[in-house]
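Data block below; observations after.
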Amino acid sequence: MCFEFPERLFLFWLLPPLSVLMAYGVWKKGASRKRLADDRLADGLLGAYDLRRDAGAAFLRFAGFALLLLACCGPQICSGLQPVKRGGFDIAYVLDVSNSMRAGDVRPDRLGRAKQEIARIAQRGTERRRSLVAFAGSAVLQCPLTADRSAFDAMLDAAAPELLEAQGTNLRSALDMALRSLFPEGSAGAAPGPKAVVLLTDGEDHAGGIAAAGRELQRRHVRLVVVGIGGDVAATIPSDGEEGGEGAVMVDASGKPVGTSLDVKTLGDLATGAGGLFLRSDPPSSVADQAREFLQAFESGDRWVWEPFSREPLFQPFVLLSMVMLLAADLVAKGKKSGAA
């Protein structure tokens, strides 16, 4: 068996906590009955209780959910191997979602402009897979490396400053997270082929260490494109609170409006140190074509890889079996109540 969407296998990490919650629910129900009254009185008030039925119903629900997760990964029957030519590269898009990206010195705002640039670069691209890292004072892997464009687009639309509690701008943590998304199991476990990072930010860095991050990208032969978003003149940042009403802006401790502008020097130095390219997003033109030309110059061309000779979708039986399991769980639970009556 192989999978059409192996990047979704991480969803199985949901199963251990789910099993603990279900087991706790079964235990809690029995314990609550004992606290309420003795067994004979509880049976008279609430009906007979069968621990095995409760545990059986919970197990069937757990199995049904696990089978649904397996179906989401696109199980397939794969047979044989054949050499196939593959082009393109893996790209980690790194998106700044700090509060300063709310500034409206570019339209619709800096964050909206950055999302537009990602969409245009991706449309012109031939990358095999893409990931999305959102960052502010810390970084989060918003979308793991995937070939599923619709899933990536959904995660891109959802990226917002509210995703991260820690505000500020930490470029080092964002680039480290991008590397981990491109090399999820270390260098030995990563898929072969060229890799790139496309960073979109206004360049305000509050943590330092970005020069070392740039050198690490270069050491691992990851191409870097830095896209600067914002203007040269300091712009105010809209406040997301309701106290100031419409048009309110963020202020510092002294009550003065906070200003933010594009830090060209920081971003230019980062790109230079990593052997990459710095581009500035100036509406209405897009940097997509320039970014693509730069990346394709380093592309190693078509590569021969081994892939299954034939693939037969296998998700339907898992969905059907999952529905049967969930229905059976419901019948078991109802059977318990009928027995009690």
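Check the straight Cα-Cα distances from Lys334 and name the lysines below 17 Å, setting aside those fewer than 8 residues away within the same chain.
Result set, ordered by chain and number: Lys29.
Heavy-atom accessible area of Ser261 with all protein chains present, probe 1.4 Å, nearest 10 Å²?
We get 40 Å² for Ser261.
Suppose each label sits 7 Å from its Cα in the direction of the beta carbon; what would the Leu51-Leu321 distance come out to in nanometres?
3.0 nm
In terms of solvent-accessible area of protein heavy atoms at a 1.4 angstrom probe, what is the ranking of Thr272, Thr201, highest value first?
Working: Thr272 110, Thr201 0 Å².
Most to least solvent-accessible, the answer reads Thr272, Thr201.
Counting residues in region 129-239 as N, plug N into 2.2 N^0.38 Å and put the Cα Rg over that result. Provide the component values of the computation, followed by the final result.
On the way: Rg = 14.6 Å, N = 111, 2.2 N^0.38 = 13.2 Å.
Rg over 2.2 N^0.38 Å, computed on Cα atoms: 1.11.
What does the net charge come to around Asp205 if you take all other residues with beta carbon closer than 12 Å to its beta carbon, with K and R at +1 and D and E at -1?
-3
Which order do Trp27, Trp13 take by accessible area at a 1.4 Å probe, largest first?
Trp13, Trp27
The values are calculated or read from the model by the stated rules, or taken from the named source; none is laboratory data. Here the structure is a predicted model, which is why all the values come from computation and not from measurement. In this analysis, Cβ positions are derived from the backbone assuming ideal geometry, glycine residues included, and neighbour counts consider all displayed protein chains. Accessible surface is based on the protein model in full, side chains and every heavy atom, while ligands, DNA and RNA are left aside. Shrake-Rupley method; radii C 1.70, N 1.55, O 1.52, S 1.80 Å.
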